[in-house]
Amino acid sequence: MTAPPARWLDLRRHTTARVALGRVGNGLPTAAHLAFQQAHAGARDAVWSALNLEQLAADCAPLGLPVHQVASQAADRRQYLLRPDLGRRLRQADRQRLARSPTPGAFLLVVADGLCAAGVQAGAPALLAELVPLLRAQRMAPGPIVLAEQARVALGDEIGEAMQAAMVAVLIGERPGLSATDSIGIYLTWGPRPGRSDAERNCISNIRPAGLSPRAAAAKLAWLMRAAEGLGATGVALKDAAPMGLLP
């Protein structure tokens, strides 16, 4: 077995990336190989995880906001993974139901499973608990919370259009990696409607215990929402010029 140089081993103190694994001939040491297989299995489990909507709704109840539950046109997890287009389209019955409860000009919050429902289940309530009081303190009354199953980011555009929202923030599970299986991303879109591109959104990513904290993510999102309201746009038109002392 060939041991890695000491200067490489020192990197392990600063990253969870797979560095300084060593070598046995042309392969990895057995322990490193087994750790890789375990991490890969964990990432697969995260992709196939599902939201407990009832529990998530209960966790959101103390915020005092209406909570709606919707689903995309993907019938199940397998179809969701094979047909990304269906995850971007709202079920017709849900669209009609949301349209009957419009909230013109609202700042809509969508909580979606994405590619890591387990991370959303664990992290979204804490993020919302930081965000909603912050928005209220800034006199930006948040709109309803919409819980979405089998959802891609663009599903928020249909939800926002149906409810006539001014902007929509989609809190969604990010694609898991070998060292992160619990990450949430936030995608903010002004004037949501089908056909919006990713260039028209702002993204905050890596929200997880080992990454960006819920408090820091909430502060960043509140700043972006305020700036989007003043500019009337998000995406490439909205530059992140938040002050250095903004994040706690």
* Does any residue of the stretch 101-122 turn out to be without any contact (Cβ under 8 Å) to a residue 24 or more places away in the chain, outside any strand (DSSP E or B) and more than 16 Å from Ile207 (Cα to Cα)? -> no
* Within the stretch 212-230, which residues are in contact with a strand residue (DSSP E or B) (Cβ under 8 Å, 6 or more places away or on another chain) and either surrounded by fewer than 17 Cβ atoms within 10 Å (Cβ to Cβ) or over 26 Å from Gly87 (Cβ atoms) (or both)? -> Ser213, Glu229
* Within the stretch 191-228, can you find the residues that are more than 29 Å from Ser179 (Cα to Cα) and under 15 Å from the mean Cα position of the chain (by Cα)? -> none
* To do: Would you confirm whether any residue within the stretch 178-189 is within 26 Å of Gln164 (Cβ to Cβ), assigned to a helix (DSSP H, G or I) and not basic (Lys, Arg)?
  => no
* **Of all residues making up the stretch 170-192, the number that are out of contact with any helix residue (DSSP H, G or I) (no Cβ under 6 Å at 6 or more places or on another chain) and hydrophobic (A, V, I, L, M, F, W, C)** => 2
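Looking only at the stretch 167-182, how many residues end up being at pLDDT 95 or above and not charged (D, E, K, R)? Even if it seems obvious, please write down each step before you answer.
Applying the first criterion (at pLDDT 95 or above) to the stretch 167-182 yields 167-174.
Checking which are not charged (D, E, K, R) leaves us with 167-173.
Residues that pass the stated criteria total 7.
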* Assess whether Asp45 counts as being touching a strand residue (DSSP E or B) at 6+ places or on another chain (Cβ under 9 Å), in a helix (DSSP H, G or I) and not hydrophobic (A, V, I, L, M, F, W, C). => no
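The values are calculated or read from the model by the stated rules, or taken from the named source; none is laboratory data. This is a predicted model, so every value here is computed, not measured. Every residue, glycine among them, receives a Cβ derived from its backbone with ideal geometry; neighbour counts consider all protein chains shown.
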